[in-house]
Each structure stands twice: as structure tokens, then as C-alpha cells.
Amino acid sequence: MRNRPHRRSIVVATRNPHKLDELGEILSEYELVPLPADVELPPENGETFAENALGKARAAHRLTGSAVIADDSGISAAALGGRPGVRSARYAGPDAEDAENLALLIEEVAEAEDRAVAYVCAIVHIDEHGTETIREARCEGRLADRPRGEGGFGYDPAFIPDDIPGELTMAELSSAEKHSISHRGRAARAIAAAIGGAG
């Protein structure tokens with residue numbers, strides 16, 4: 001009986017357990033390793049998602065010497081000129097919880113005629129030799145007027161994706177449905193294809 005092929009290990013440069021879980025489900029052909037506790041990630045001060053993802057990936061690669069993956073993602077509201085954008089995780093303040101960020105966004109878009117929103121995700125992979133690969137993907141949708149659903153995290157309870165008919169939010173979809181259309185799912189599959197994974 002042949003042994004199963006060894007899965008390639010990749011350190012995930014995040015302290016967000018939700019992101020680690022999602023990436024683990026999407027990139028199941030890899031062994032995703034949590035970031036070591038002694039690795040300090042830089043502040044997310046970039047002007048773009050790609051800049052922030054690169055900063056985290058480079059720091060993790062420099063300190064671990066391993067292949068790493070990092071992402072930065074957020075939501076962009078048309079009525080707010082693209083905000084919160086790269087500030088999505090701290091929109092309501094530096095220590096804001098997901099529910100606070102979501103409540104603020106719903107409040108600010110409440111009177112707007114245009115409720116179009118987009119999720120954006122940039123993912124960076126750096127291999128053991130320092131070769132960098134970047135992929136970015138989007139998921140278009142509309143902002144609901146109130147949170148619905150128990151799944152997902154972040155802005156998912158108010159994000160109604162255009163890819164699925166009806167009024168279901170990301171938080172009302174199954175994990176498989178969400179990953180098939182989400183910004184992170186699309187970006188992660190693009191990275192997997194670029195570095196030799198099945199995606």
C-alpha cells in the first residue's frame with residue numbers, strides 16, 4: 001500500500017482564527033501551520049490590501065524561514081467612496097469587535113440609494129526561497145439593512161452576494177457555498193493554482 005503524498009506545509013501569517021479556519025477549508029491540499037507565538041506581525045498601515053498582505057508575509061517569512069501565506073481583506077461600500085477598505089477590521093476603532101464594525105457600516109449606508117458593496121482579498125505566498133506570488137480577488141454584492149445568519153465572520157451577516165440568487169447573506173450560506181464565491185476563496189484558489197496546487 002502506497003503512502004499518501006506528503007502535504008506541503010505553509011505558515012499562515014495571521015492571528016485571526018477565523019481566517020486560519022477558512023483558509024484551511026479552502027486550501028485543504030496543504031498543511032496550514034499557525035503562526036508561531038513569538039513572531040510579531042507589522043501594523044497594517046498600507047494603502048492597499050496587497051501592501052498589508054506583503055508586509056505580514058515578509059515578516060513571517062523572515063522570522064520563520066518557512067513558506068508562508070498572508071492575506072488582507074475587507075469590504076468596500078460604493079456609497080462611502082470605497083470605505084472602510086483597508087480599515088475594515090478597525091472601522092469602528094482600533095479595538096472594535098466585528099459587530100461594532102458591522103453596525104457602523106450599516107448605519108452609514110442606511111440612507112444611501114446605492115447599497116453596492118464588494119469584498120476584496122489580496123493573498124501573498126512566499127516560498128522557502130523567498131519567491132513572492134500575489135493574487136487578488138473580489139466578490140460583489142449588496143449590503144443588507146440588518147445582520148442575518150450565524151455563519152462566517154466580519155461583515156458576512158450583512159453581505160448579500162450577487163453570485164447567489166435571492167437575499168441570503170454570506171452568514172446564511174454553508175461553508176462550501178461561501179468558499180465557492182467569496183473573495184478569499186477565489187484569491188486562495190488562484191494562489192494554489194499559481195504555486196502548483198489543485199485549488
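Every number here is computed from the coordinates shown, using simple stated rules; none is lab data. Keep in mind that this is a model prediction, so the values were computed, not measured. As a convention, Cβ positions derive from the backbone with ideal geometry for all residues, glycine included, and neighbour counts pool all protein chains shown.
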query: Using the Karplus equation 6.51 cos²θ - 1.76 cosθ + 1.60 (θ = phi - 60°), what ³J(HN,Hα) coupling, rounded to whole Hz, does each residue of region 172-185 give in order, writing x for Gly and Pro?
result: 9, 8, 6, 4, 5, 5, 4, 4, 5, 10, 5, 4, 5, x
task: With a point put 7 Å past each Cα toward its Cβ, work out how far L168 is from S9 in nm, to one decimal.
output: 3.7 nm
message: Compute the helix-to-body angle for 49-64: its Cα long axis versus the longest principal axis of the chain, expressed 0 to 90° and rounded to tens.
response: 30 degrees
task: Identify which of S182, S88, S66 has the largest mean-square fluctuation in a Gaussian network model of the chain, with springs joining Cα atoms closer than 10 Å.
output: S66
field: In range of the label at E40: residues from region 51-75 whose backbone nitrogen is under 20 Å from the point 7 Å along Cα→Cβ
entry: 52-66
message: Give me Rg/Rg_expected for region 51-199, where Rg uses Cα atoms only and Rg_expected = 2.2 N^0.38 Å with N residues.
response: 1.09
message: Between E136, E167, E25, where does the largest GNM mean-square fluctuation fall for the chain, given springs only between Cα atoms within less than 10 Å?
response: E167
query: What net charge is computed for the residues neighbouring G93, neighbours being all others with C-beta under 13 Å from the C-beta of G93, Lys and Arg scored +1, Asp and Glu -1?
result: -2
Degrees, to the nearest 10: 17-26 long Cα axis against longest axis of the chain: 70 degrees
field: Sequence-separation-based contact order of region 9-195, relative, with Cα cut under 8 Å and 6+ spacing, percent
entry: 19 percent
task: Mind sorting H125, H179 by how few other Cβ atoms lie within 10 Å of their own Cβ, fewest first?
output: H179, H125
message: Under the 0.36 nm per residue contour assumption, what length would be gained going from the current alpha-carbon distance of L20 and E108 to full extension?
response: 28.7 nm
- request: Can you tell me the FRET efficiency between R90 and F153 if r is taken as the Cβ-Cβ distance and R0 is 22 Å, rounded to the nearest 0.05?
  value: 0.90
